[in-house]
Amino acid sequence: MNRFHRDRRGVSVTVGYVLMLAVAGLLLGVLVTAGGGLLEGQSKQVVGDELTVVGSQLAANIHEADRLAQVAHADANTTAATGAVALDVNLPRQVAGTGYRIEIGNRTISLLTSNPTLNVTVRYPETTVPVSTDGQLNGGELRIVYETPPAGEPVEAGRLEVTG
């Protein structure tokens, strides 16, 4: 019995194996933690880039609706007719797998996400017709509408109304 008490060879192999597994687990944990931070940073960059593209598309559509409103207004003044111009805008509902909200202000479009928390602002060209909206809009299908004012009224008397 005393002979096995002094023999440590079996223990050293087991302890070495456990230590090796512990070091490998620690190394794996550090790599996963560092890689997660890198992916989060890349994800935020991708979402920001996609929101910029979506904002630019909406800015171009607002500019196009303004030009259509001017043509419709000139036509309404020559024919004494009233009417409306509607432009349907199809934006993606999500960017990089996350939903977003749209706020339209004075010559700016703000696109906001909550995961990751991001706010991208895109400027649009000055419009002849004022642009208005009812608060924040969800991404997806939007409609820009211009109701022509009565004949003789200036084009600015109308509004470009953006709805979701």
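What follows draws every value from the coordinates through simple rules; no lab data is involved. Note that the structure is a prediction, hence the values are computed from the model and not measured. Because the Cβ atoms are built from the backbone with ideal geometry, glycine has one as well, and the counts that use them run over all protein chains shown.
If each residue's Cβ is checked for other Cβ atoms within 10 Å, how do 53, 95 rank with the fewest at the top?
Least to most surrounded, the residues fall as 53, 95.
Treat each spin label as a single point 7 Å out from the Cα along the C-beta direction, and report the residue 60 to residue 117 distance in nm.
Going from the residue 60 label point to the residue 117 one covers 3.3 nm.
Of 120, 59, 86, which is farthest along the charge dipole of the chain in the positive direction, counting Lys and Arg as +1 and Asp and Glu as -1 at C-beta?
Farthest towards the positive end: 120.
Nearest 10 degrees is fine. How inclined is helix 9-79 to the longest principal axis of the chain, computing both from alpha carbons?
0 degrees
What is the extension gain from residue 103 to residue 42, computed as 0.36 nm multiplied by their sequence separation minus the C-alpha to C-alpha distance, in nm to one decimal?
So the extension gain works out to 19.5 nm.
For the chain, what mean projected area does the convex hull of the alpha carbons give, in nm²?
Reported value for the Cα convex hull: 13.2 nm².
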